[in-house]
Amino acid sequence: MIVVVGLSHRTAPVEVRERFAGEAGAPEVMLGKLRGRPELDEVMFLSTCNRVEVLARPKGNADADRARALKAVREVLAEHGSTSENDLKPVLYEKEGEEAVRHVYRVTSSLDSMVLGEPQILGQVKDAYDAAVAAGTLRSFLARCVHRAFSVAKRVRSETALGAGTVSISSVAVELSKRVFGDLNDGIVLLVGAGEMAEAAAKSLGKGAKEIRVCNRSFERAATLAQRFGGAAAPLTALEAELATADVVVTSTASPNFVVTRDLVKRVMKARRGRALLFVDIAVPRNVEPNVHGIDNVYVFDIDDLEQQVAVGLDARRAEATAAEKIVEQEVVQFLQWARGLDVQPAIVALRAKTRGILVAEAERSLQGRLKHLTEGDRAALMQMVDSATNKLLHAPTTRLRRAAGDGDGQTLAATLQELFELPTLHEVDEEPDEKTEKDEDDERAVQ
Amino acid sequence: MSHPLVNALLLLAAATYSAAAVAFLVHLTGRGQKRPYLRMGVWLLGAGAALHATQIVMSSLVLDLCPIKGIHFALSVVSVLACAAYVVMRRRYRIDAVGVIVAPLALTFLVGSAAAHADASAAGSLKSAVLPVHVLANLVGEALFVLAFAAAVGYLIADKQLKKKHVGGVVARLPPLDALDRAEHAFLLAGFPMLTVGIITGAFWAERVESGSAVDIARSLFGYATWALFAGVLLLRAGRGWRGKRAAYGTIAGFAFAVVVLVIYLVRSFGEPHA
């Protein structure tokens, strides 16, 4: 099974988390250090602004092996954070087995993110996975767990609305512009006011816009901000002309009176020949007269409207989290069933080897005796028959053994088989999955 | 029209249109960020149109009638053309979700055509090159007006939601307001010359074949009113900047008049003897 050791926004304050940023924490460096630890069989290192964690598979399945693996990871993390293992321990979380698998699925599905449902985490886990593959620190077991995590995230994204809705003022503004204009490729974003809030809005809205223009009482400040976004500046006296060409207007001046009045917008709409106009008023007191919203093809959203949308988005995501957790639970059960199936793999391999060995030995004895006259073709057919008989004979016990393993009875049945058929001691075999299922392959394609 | 294959195709097309309408509806009210039901709706609508087109061809072969003659076929052809235009143009205008209006309209037209008598008597007395031009221009125009109407309805729904400051839910799954407005204008602009040709050829034809009955006069009046309304919408948009809500209401009114013309044809067909 796997273990997870790490720290996140839930366990460590930012002063601790920031110690893990920087080049020393680059995935290649960390993976190099982790690979050098003999206690670990497979490792993956995930580092985001809110999370640093190591996913590992210990060498060996005993409790002592797991304890050694956990200690090894703690030591590497402590070294990475330039601190001692004891100092680090209070802010670390450690998870093993089922709990670790659940954690990986929850993290990848953004159920453990600071902003619930944010989409970046999936890309970050994929990057961590790619880095581990490139460093050669992943083999079948952990790789499969992470792959399943990708498909869990995909399910959560498509079957729930965990990632839907908007959860910040800037993203609400972007969503509003999408509702009205789709994209802003040919659109102009006008900032009325050149403060910090205008700048923050411009960063989000300006990404897709054709042009950003800034209109401010102080022309110098307008010019400075416009320059930062490669746009143009205008004095506040030119507001009417600017409104006539803009598509999305973000107002954030400190003016105690309305800067944009109904009469002004009515005149502007004539000049615009009815083209739609969206006001995002993030100023307090408001800059846009509320009844401007009543004019045809004009939409005004003030700070309360935006915050209400943020609250709605967050509530909706929290409500969806329950459905997402159910998906995670289903997938954890499936993964554990598969993993338990690996416990009986040595018994299956040994039983097949013994059965086939006996049949082949008997066939060969006959081929040297009474069946000596058979041609090469007939001999090949006979050996094929042996293989076929082995498969048919062992199909039912193999299937039942795997099923029993999934239910937690695998070890008992495997031991019984060993006793009944005098199988050799069941050494652990390589736990490569027998074959990839179609579903796994679909999942892999989906996460490319 | 009692051929079993024709009937089977008709039922299949109706079922597919219905399924498309349900898929679009589920898309509009559904959850999750992916949009499988939208794609499903588009495919089903396309499949419904293909089945419907096959039904028209089969039906015309069975009845030995040209499919542009008579209201029976006209409604069906409008339905198929509207669906085909939607499937082809939806990406260009980013109006996939208006399928939620196109699908039930297509179904309604199909049901209307099934209710009407398969009969070419309306045009039977005229052997003129004007007839195909008149009928085809009207059918293509009508199909484009179906799409303009769908975009206009979508616009009004989205506008109402935004005016109520509802940003999520249905409005998030409808096309952007601007896209709906542009699509509505484009379909109207494309359909209007067709309607004009239909009106001119219709006026020429009416002199020769129509009886001058009250029904014929009402149909002509509603035809001219449709043309005048659409002309007004286009002119006011170009001249006075009437966009968005006003243009949407104008388009809906124009389409309603166009439907009245079709209904008059339909009602008249009930009074005519079976072919």
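Every number here is computed from the coordinates shown, using simple stated rules; none is lab data. None of the values given here were measured: they were computed from a predicted structure. Every residue, glycine as well, gets a Cβ built from its backbone with ideal geometry; the counts of neighbours run over all protein chains shown.
Observations, loosely collected:
- Per-residue average of Cβ from other chains inside 10 Å of A:265-275: 3
- Globularity index of the range A:82-167, i.e. its alpha-carbon radius of gyration over 2.2 N^0.38 Å: 1.23
- Fully extending the segment from A:ARG217 to A:VAL333, taken as 0.36 nm per residue of separation minus the present Cα-Cα distance, adds 35.6 nm.
- Dipole moment magnitude, nearest 20 debye, the protein assembly as shown about Cα centre, only Lys, Arg, Asp, Glu C-beta charged: 1960 debye
- For the range A:308-371, the Kirkwood hydrodynamic radius from C-alpha pairs, put into Stokes-Einstein at 20 °C and a viscosity of 1.002 mPa s, yields a diffusion coefficient of 128 µm² per second.
- Each label point was placed 7 Å from the Cα along the Cα-to-Cβ direction; for A:ALA389 and A:LYS354 their separation is 1.8 nm.
- Relative contact order of chain B, defined on C-alpha pairs under 8 angstrom at six or more residues apart (%): 20 percent
- Going by neighbour counts of Cβ atoms within 10 Å, the residues B:GLU184, A:GLU376, A:GLU289, A:GLU53 line up, fewest first, as A:GLU376, A:GLU289, A:GLU53, B:GLU184.
- Computed per residue of chain B from DSSP H runs no shorter than four, each worth -39500 (n - 2.57), the mean residue ellipticity at 222 nm is -28500 deg cm²/dmol.
- Alpha-carbon centroid distance for the pair the range B:38-54 / the range A:142-188, whole angstrom: 29 Å
- Using alpha-carbon coordinates, inclination of helix B:244-270 to the longest axis of chain B, degrees: 30 degrees
- When only alpha carbons are used to place a centre, the range A:273-336 and the range B:132-161 end up 32 Å from one another.
- Inter-chain Cβ neighbour count for A:155-162, averaged per residue, equals 3 (cutoff 10 Å, partner chain atoms only).
- Taking chain B as a Gaussian network of alpha-carbon nodes connected by springs under 10 Å, the highest mean-square fluctuation of the residues B:ALA172, B:ALA84, B:ALA50 belongs to B:ALA172.
- Only Cα pairs under 8 Å and 6+ residues apart enter the sum, and on that basis the relative contact order of chain A stands at 13 percent.
- Amide hydrogen proximity for A:ASP302: with H placed 1.01 Å from N in the peptide plane, the residues at 5 or more positions away or on another chain lying under 5 Å are A:ASP281.
- Extension gain, A:LYS210 back to A:GLN411 (0.36 nm per residue minus Cα-Cα distance, nm): 65.8 nm
- Among the listed pairs A:LYS210/B:LYS245; A:LYS178/B:LYS164; A:LYS126/A:LYS207; A:LYS270/B:LYS164; A:LYS89/A:LYS126; A:LYS178/B:LYS245, those beyond 22 Å (Cα-Cα): A:LYS210/B:LYS245; A:LYS126/A:LYS207; A:LYS270/B:LYS164; A:LYS89/A:LYS126
- Given in Å, the Rg to one decimal and the Dmax to the nearest whole number for the Cα atoms of the range A:257-301 are 9.9, 30.
- Counted by neighbouring Cβ atoms within 10 Å, the residues A:PHE181, A:PHE258, B:PHE255, B:PHE187 run from fewest to most as A:PHE258, A:PHE181, B:PHE255, B:PHE187.
- Distribution of pairwise C-alpha distances over the range B:125-266, 5 Å bins, in %: 2, 10, 19, 20, 16, 12, 9, 6, 4, 2, 1, 0
- A simple spin-label model places the labels of A:LYS326 and B:LEU61 5.0 nm from each other, with each point 7 Å out along Cα-to-Cβ.
- Working value for the range A:148-202: equivalent-ellipsoid semi-axes of 31, 14, 9 Å, each the square root of 5 times a Cα gyration tensor eigenvalue, largest first.
- In the protein assembly as shown, taking the dipole from charged Cβ atoms about the Cα centre, the farthest positive-side position among B:ASN138, A:ALA132, A:LEU225 is held by B:ASN138.
- Rounded FRET efficiency, nearest 0.05, which uses the C-beta distance separating B:ALA115 from B:ILE217 and R0 of 25 Å: 0.55
- Likely footprinting exposure, B:TRP43, B:TRP227, fewest C-beta neighbours within 10 Å first: B:TRP43, B:TRP227
- Fluctuation leader among A:PHE229, A:PHE141, A:PHE335 - chain A, Gaussian network, Cα springs under 10 angstrom: A:PHE229
- Other protein chain Cβ atoms within 10 Å, averaged over every residue that makes up A:169-180: 3
- Estimated FRET transfer efficiency (A:GLN124, B:VAL88; beta-carbon r; R0 30 Å; 0.05): 0.15
- Against the main long axis of the alpha-carbon atoms of chain A, helix A:303-343 sits at an angle near 10°.
- At an R0 of 60 angstrom, the distance between the Cβ atoms of A:ASP186 and A:ALA396 translates into a FRET efficiency of 0.35.
- Whole-percent pair-distance distribution, where bins are 5 Å wide, for the alpha carbons of chain B: 1, 6, 13, 16, 18, 16, 13, 9, 5, 2, 1, 0
- In nm, spacing of pseudo-spin labels at A:ARG273 and A:ALA26 (7 Å Cα→C-beta vector): 5.6 nm
- Residues whose placed amide H lies under 5 Å from that of A:VAL249, excluding near-sequence neighbours: A:LEU190, A:LEU278, A:PHE279, A:VAL280
- Computed as a quarter of the hull surface, the mean projected area of the alpha carbon convex hull for chain A stands at 30.5 nm².
- Along its principal axes, the range A:151-281 has C-alpha extents of 55, 32, 29 angstrom, given from the largest down.
- Extension gain, A:ALA381 back to A:ARG139 (0.36 nm per residue minus Cα-Cα distance, nm): 83.4 nm
- Listed residues A:GLY377, A:GLY97, A:GLY406, most fluctuating in chain A (Gaussian network, C-alpha, under 10 Å): A:GLY377
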